[in-house]
1. Inside the stretch B:269-281, can you point out the residues that are more than 7 Å from chain A (Cβ to nearest Cβ) and either under 17 Å from the mean Cα position of the chain (by Cα) or surrounded by 18 or more Cβ atoms within 10 Å (Cβ to Cβ) (or both)?
2. Given the options A:298, A:233, name the one that is outside any helix (DSSP H, G or I), more than 22 Å from residue B:320 (Cβ to Cβ) and modelled with pLDDT under 90.
3. Go through A:253, A:314 for me and flag whichever is more than 7 Å from chain B (Cβ to nearest Cβ), surrounded by 13 or more Cβ atoms within 10 Å (Cβ to Cβ), assigned to a loop (DSSP other than H, G, I, E, B) and at negative phi.
4. Select from the stretch A:301-311 the residues that are more than 7 Å from chain B (Cβ to nearest Cβ) and under 19 Å from residue B:46 (Cβ atoms) and write down the one among them that is modelled with the highest pLDDT.
5. Among the residues of the stretch A:38-68 satisfying the criterion of being within 14 Å of the chain's Cα centre (by Cα) and farther than 24 Å from residue A:261 by Cβ, which is farthest from the other protein chains (Cβ to nearest Cβ)?
6. Which residue out of A:126, A:153 is at pLDDT below 75 and under 14 Å from the mean Cα position of the chain (by Cα)?
7. Which is surrounded by 22 or more Cβ atoms within 10 Å (Cβ to Cβ), modelled with pLDDT of 70 or more and away from chain B (no Cβ under 12 Å), of A:87, A:82?
8. Are any of the residues in the stretch A:196-214 within 11 Å of chain B (Cβ to nearest Cβ), buried (at least 20 other Cβ atoms within 10 Å of the Cβ) and at pLDDT below 90?
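The values are calculated or read from the model by the stated rules, or taken from the named source; none is laboratory data. What you see is a predicted model, and the numbers here were worked out from it, not measured in a lab. Note that we place each Cβ from the backbone using ideal geometry, even for glycine, and neighbour counts take in every protein chain shown.
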């Protein structure tokens with residue numbers, strides 16, 4: 001391991017300097033997972049943990065990507081270097097994510113202060129969450145701050161990934177129809193800021209009013225929890241934006257910064273970092289333990305057991321018990 | 001284990017007889033996971049593997065649920081007992097899924113030939129995929145056939161779950177806007193039948209034409225794969241429906257039946273069953289291995305290691321290696 005680590009010191013140095021080609025290479029390495037990725041991440045690790053992570057999630061059609069682009073523009077205006085990781089759940093099946101990057105990059109073309117990357121996680125042993133966290137760490141070490149993590153708010157893993165950021169924006173838009181519009185009460189638990197985007201469209205006022213009503217319903221429960229933990233409350237704000245023309249974007253950035261300061265002041269940032277670390281170590285362990293166990297079994301053993309399960313000779317749990325006992 | 005198994009023989013018998021309260025209780029048991037669920041599933045296992053599993057996936061707003069309900073109606077008309085498992089990714093955070101079930105059940109109210117259940121997977125150690133497969137097995141043993149598995153086609157796990165069914169329907173609808181509309185080329189790999197729902201709306205013809213063009217692009221690659229495997233090709237059909245008024249539904253059911261016969265005839269059904277079994281055994285093993293490893297560590301060890309990772313003393317991979325070595 002030490003030998004490999006030395007070999008990646010040069011790449012790590014170039015990532016730290018913000019060299020774009022080195023960052024792109026590092027991200028590809030990290031997406032594929034494996035020993036090389038680990039060696040690189042070990043070298044970069046001391047330089048991570050600085051960036052503020054902003055989760056951006058919402059149903060398709062709410063304009064999440066446009067919003068993330070607009071936020072990046074405002075942060076650039078304020079002299080910050082911005083990273084965007086777009087988690088596209090269909091990308092494991094295609095290389096299509098890359099085209100999306102090219103299209104999106106055009107709005108920040110030639111600006112080295114913005115780095116946009118879509119995740120393609122086909123190869124990563126630890127799955128989507130570990131791959132995303134690893135990519136965030138590369139951008140973090142390269143000095144990007146904030147880093148936005150954009151996910152579709154319709155898949156369980158994707159909602160969890162955005163929810164694990166420091167500040168999570170839950171994006172809605174008017175006029176998408178009830179099926180899409182409906183924000184489940186549970187999303188309260190991951191939202192730090194609600195954004196009603198496309199606020200110039202008909203129905204925006206109703207969307208805001210519906211959110212406000214929902215927040216009132218949840219307020220008592222949140223108050224209860226806060227009294228138990230002793231942490232001063234963060235009043236969940238509802239921000240209205242028209243991301244396509246930049247309306248409401250400076251105010252939204254102010255609100256994100258306010259939330260960042262709140263997390264710092266109340267000691268919650270440290271707790272969040274620990275939670276993130278614990279869940280990543282857990283995910284890595286889970287993947288490694290399975291790999292080691294399967295490697296220790298005779299060649300083709302899992303397939304033979306699966307065939308017996310398919311033929312109803314044994315049920316899956318008993319089969320798993322047998323494999324554990326071997 | 002033997003003692004527990006005996007205790008569940010009675011419940012299993014009642015599930016096999018299709019008794020609704022017993023089925024509901026069995027599903028709750030299975031959602032929570034654990035020893036009781038395993039014992040029950042072990043008893044039921046020999047009676048599973050009969051149902052044809054139909055995955056129904058698509059973006060929010062395409063009318064998946066209405067389509068699944070309409071299909072259930074047509075299958076009832078043909079004298080079949082139908083199960084529907086709706087995988088709602090936000091349900092882990094809420095109990096809200098239950099309300100959805102109540103609303104949806106109204107259209108099949110009093111009909112004991114339809115059983116609809118939304119998954120709430122908060123407690124299941126093995127995650128969404130294992131919980132869904134376990135629920136399917138309960139309905140399978142209770143004699144429901146087909147069983148539809150309805151997921152939002154926007155999350156990685158959800159797409160994989162629907163894609164693991166015997167016949168997977170990928171649902172689209174006109175007029176949802178480019179962001180939602182766009183079917184990624186990769187979805188070709190999981191679709192057995194494309195459905196353009198809401199086919200009476202403007203833009204339906206374009207949606208069908210776009211799909212047809214995309215299928216032409218993918219046809220050569222599929223042909224290649226089929227020559228390699230020697231399996232005769234299944235020409236991917238595009239079915240137009242207006243689920244809300246039942247239009248196109250009998251033809252779609254005919255097509256699903258045709259695909260079921262094709263899988264049987266070409267021996268692919270057996271292969272699919274083995275794949276399903278292998279992936280479930282793998283998921284169970286992964287969850288158990290982590291649980292056992294964490295239980296073997298000193299109390300609070302994972303939290304201490306996570307704190308060191310958060311303070312940048314050690315990177316997550318090295319931390320996981322340390323925990324593995326302990």
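1. Selection gives B:269, B:272, B:275, B:276, B:279.
2. Every option except A:233 fails the conditions.
3. Details: A:253 fails: assigned to a loop (DSSP other than H, G, I, E, B).
Of A:253, A:314, the one residue that is more than 7 Å from chain B (Cβ to nearest Cβ), surrounded by 13 or more Cβ atoms within 10 Å (Cβ to Cβ), assigned to a loop (DSSP other than H, G, I, E, B) and at negative phi is A:314.
4. This residue is A:308.
5. Residue satisfying both the conditions and the ranking: A:58.
6. Going through A:126, A:153 in turn, just one is at pLDDT below 75 and under 14 Å from the mean Cα position of the chain (by Cα): A:153.
7. Working: A:87 fails: away from chain B (no Cβ under 12 Å).
A:82 is the lone residue from the list that is surrounded by 22 or more Cβ atoms within 10 Å (Cβ to Cβ), modelled with pLDDT of 70 or more and away from chain B (no Cβ under 12 Å).
8. No, the conditions are met nowhere in the stretch A:196-214.
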